[in-house]
Structures are given as structure tokens and as C-alpha cells.
Amino acid sequence: MDISRRKFVALGAASAAQAAVSQTKAPAMLHSMVDVPYERKDPRVAFIGVGGRGTSLLKNVLAAEGKVVAICDMDEDHAKRAQKMITDAGQSSPELYTHGDHDYERMVQRDDVDLVLVATPWTWHAPMAIAAMEHGKHVCIEVPGVRTLEECWQIVHVSEKTRRHCMMLENCCYGYNETLVLRMAQAGRFGDLLWGEGAYLHDLREELFGNKGEGLWRRKEHTLRNGNLYPTHGLGPVANYMEINRGDSFSHLVSMSTIERGFSEYRKEHVPVGDPKWQERYKEGDFNISLIKTSMGRTITVKHDTSNPMVYSRVNTIAGTKGLFMDYPPRIYFDGQRGGEKWESLDGFKEFEHPLWTRMGEIGKKLGGHGGMDFIMLYRLLERFRNGQAPDMDVYDAALWSSVGPLSITSVAAGSAPQKFPDFLRGGGKDRKPSSVGA
Ligand SMILES: NC(=O)c1ccc[n+]([C@@H]2O[C@H](COP(=O)([O-])OP(=O)(O)OC[C@H]3O[C@@H](n4cnc5c(N)ncnc54)[C@H](O)[C@@H]3O)[C@@H](O)[C@H]2O)c1
């Protein structure tokens, strides 16, 4: 063996060893939750957390004529506000659960609830989802899903054990552009897919330094961890384009963070000296970039920055052997396109518009909710429940997309060493049908 080849083999062995570090032991598959249908009924819905996001979800669930029977929020004013929205919509007054941060445990014991929506701070998603499933309820959790690899395996295990679904409410998968581009990808318009990019670039400084809403808990996450804290908005749609968990899968990632500056500078300019926020030390680097390799040899870049001046973007890019789409602003290019090597708008591709957007898009846009995608997602969720179909996205998607958070943190801490993804499907992802989001 020549020296360069020997060196290459040695390097390969080293990175394989490093990649193995993050692999947590997989529990045995109990019963796969792939394509398990909801029991065909109009689900009775309960909410845990009706702050900023939960209130917006509630508005859209009510617009989709979802029946809401119970509300849990330890902030009584928030719970009462939600209660009024429900009675204003002409429904019976829901029972409220407002007695402290574990009152949800009482609510999930009700026997008149089919589906629980969780929109609380991140540390609560896993325990609340698990409690709901253990008491026989299907559950949906807000993004970014769960925070640790152990929690990823827990939701998978409990979902399989209880035969209850745990779906992550990744609304960006239901955006107008995302659903249209997914349908183009599924029709083979981009050829063989090669690379994609997703991001969460959003200046949240004012909100996270506020004394209400996310300011009360989300800034703390920046004092605890350093990696991609919010990967799924950018990643979910790209994973759907590439049929991840449905043929392809994530193999491993490497991740890097910059130094921290944004929060410290913001605090210097906006927070009075003596405020308890001056005790905080921000661990999270301002910008994180993680690079995922898929088992079929594709790559996905996922970026995160919420600490600096920024024009909002999820990047949302997909490229293949026949062309590519890039968002923000939306633009598309195909091999051999008329007019040469120039971007075109999406306007010429209306034939790929998602039927749900054609049917319900105007209502969604009127309601607001991220340009209408929140309504499309929730309408779709209720529709699939009512029809007795499986949810578009299941616990395996929730676990895999969430796992980018903890794996990026481990990689950053290990000098960007490769981290291998667990196979949450334990081999069961290869022969699955394409993502139903596009259908
Ligand atoms: N998908 C999206 O576009 C999107 C947008 C915003 C927020 N989110 C996600 O939604 C979740 C909630 O964020 P938010 O902006 O609404 O935060 P928020 O602080 O405005 O609301 C959280 C609510 O949860 C309640 N709560 C906290 N702990 C509780 C407990 N133990 N029991 C009962 N209630 C409890 C709080 O009182 C509050 O009303 C987060 O996971 C966030 O990442 C998603």
C-alpha cells in the first residue's frame, strides 16, 4: 500500500471511530409505527401550552373546525384567553388545567381526548408527549421536537409501545413553495437529487431579551448548549425532497459554530447594568453550520443564527442532475432552459401547486400563521385523522430531525468530529412509499 493510501485508510478508521461515539444503543423495535392509520374519527383535541405559538395553533384548529375539549397552561390568563377563543367559536367551554407545571399529567388522564398538541418550552416537549401517549392519546409536539438523543429514543419507544403517534408540527413542510417543490422533486423534475440546504436565520434578539413569552425561557438554551438549536424548519422540507426515512437516510454529520458575540453585544446596548441577565454566559456560538451526509451519498447543509441582524431566511434549496430550486427569493433553473443560464420564477410551475393550497390556500393566507402554512398543516392533520389515514410525518421523522440538535452539539464539542445518526427505523425505512406530504 502506498503512503497516501495508507494515510487515507488510517484517517477513515479514525473518523469511523469518532463517528461511533454518538451512537446510543437502539431499543428493540416493538411494533413499527410506519403507516399506522389514526382511528377514523373527528379527534377531540387538548392543548398543553397556549402562549404565543399555542394560541396561534388554536386559532387555526378552530378555523379547521377542530373540537377542543381541554386546555392546560400554568399561566391562568393564557388558559382563560384560549377558553374564550373556543367559546367565541361556538364550542362548549373547555376544562382548564392551570395548577402548576405538572397539571398536564391530570389532563392527559381524561377519557374524552384523542389528540394532544404540545406548544411549551423545549424541555417540556418529551415528558408531555410521553405522558400523553402513555395515557392513550396521540400527540403532536412543536419544533424543534426533543432535545437529546435519549429523548429521541424515548418518544420512538413509547410511540411503538402504546401504538400512539407522535408527530412534530413542522409547519414549514407545508409552505406553498415547499409543497410545490416537493411535488416537482417527486415527479423527477430535478433529476437525481444531490444536495440541499436549509436554515433558520432569524433575528430573535429583541424577543429573546424580552421579559415575556420566549424571553422567559429560550435565551437560557443559549447558556447551556452550543450547536444547531433549531434545525427542523430548514431541514424538514429538504428531508422530504430527498425522501429521508423513505429510501434514503441520514448517515452522519459534522458541525461547527462561530464564536459568540451577538447576544453579548445586544445585552451591552439594551440591558441595564445590574439586571440578572448580566449573570448569564452565552455558550451558543452565533452561527452554526452542520453538514449531513446521507446514506445514498447526498449532502444537506443546515445553518442557524438567531443572535444577529438578519433578513429572515430558511434558505430552502434543492439541487439535482437536471436543475435546482433556491428560495428567498424563490427561483428555479433547469438544464437547457430557454433563455440560457438564468433564474426563472415559480409562476410557470402552477401545475405542481399542492391541491390543498389550491383548495384551502386563501383561507390559510387570511388567517395569517406564517403565510398560511400553519392552517394547511393543521387542516391536513385533522383531515387525515378524520379519514383514518396515517399522519404525514411520524415519530421516526420527529426523532431523526430532532437528533440534528444533540449530534451537532456533540460534534462542535469534539472539534467537528463526525457523528453517526442512529437508525430510528432500525432498517425499516428502505422500502417505504414517498412522503405523503406531497399527495
Ligand atoms: N412552528 C413554529 O413556527 C413555531 C413558532 C414559535 C414557537 N414555536 C415553538 O412552540 C413552542 C412554544 O413557544 P411559544 O413561542 O409559544 O412560547 P411561549 O413562552 O409564548 O408559550 C409557552 C407557554 O407554555 C406554558 N407553559 C410552560 N411550561 C408549562 C407547563 N409545564 N405546563 C403548562 N404550561 C406550560 C407557558 O405558560 C406559556 O403560555 C416552542 O417549542 C417553540 O419552539 C414554533
query = How high is the relative contact order of the range 44-169, in percent, with contacts defined as C-alpha pairs under 8 Å that are six or more residues apart?
reply = 23 percent
key: For the chain, the Rg and Dmax computed from alpha carbons only, in angstrom   = 21.9, 78
note = Given a Förster distance of 25 Å, the FRET efficiency implied by the Cβ-Cβ spacing of Met296 and Phe334, rounded to the nearest 0.05, works out to 0.70
note = Expressed in µm² per second, the diffusion coefficient of the range 243-316 from the Stokes-Einstein equation, with Rh the Kirkwood radius over alpha carbon pairs, at 37 °C and 0.692 mPa s, is 221 µm²/s
request  = Nearest 5 is fine: what % of DSSP beta bridges in the chain come out antiparallel, could you say?
outcome  = 50 percent
task = Once you've got the Cα coordinates, tell me which of Lys41/Lys80; Lys25/Lys67; Lys80/Lys350; Lys212/Lys365 are over 32 Å apart.
result = Lys25/Lys67; Lys80/Lys350
query = Running Debye on the range 44-169 with equal point scatterers at the Cα sites and no solvent, what base-10 log of I(q)/I(0) appears at q = 0.13 Å⁻¹?
reply = -0.45
request  = Quick one: plug the Kirkwood hydrodynamic radius of the range 193-291 (C-alpha pairs) into Stokes-Einstein at 20 °C, 1.002 mPa s, and report D in µm²/s.
outcome  = 139 µm²/s
message = Let me check the size of the range 210-264 from its C-alpha atoms; what are the radius of gyration and Dmax in Å?
response = 15.5, 45
ask   = What relative contact order, as a whole-number percentage, does the chain give when Cα pairs under 8 Å and 6 or more residues apart are counted?
value = 24 percent
request  = Could you rank the peptides 393-406, 82-95, 370-383, 191-204 by their average count of other C-beta atoms within 10 Å per residue, with the highest value first?
outcome  = 393-406, 370-383, 191-204, 82-95
task = Note the full-extension length gain between Glu134 and Trp217 as 0.36 nm times their separation in residues minus their Cα-Cα distance, in nm to one decimal.
result = 27.2 nm
query = FRET efficiency for Met326 and Ser93, Cβ-Cβ distance as r, R0 = 51 Å, nearest 0.05?
reply = 0.60
query = Restricting attention to the range 135-239, which trypsin sites (Lys or Arg not before Pro) occupy a DSSP loop and are surrounded by at most 14 other Cβ atoms within 10 Å?
reply = Arg163, Lys212
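Just so you know, all these numbers are worked out from the coordinates, no wet-lab data involved. Only a predicted model underlies this, so the values are computations on that prediction, with no experimental measurement involved. A quick note on method: Cβ atoms are made from the backbone with ideal geometry, for glycine too, and the neighbour counts reach across all protein chains shown.
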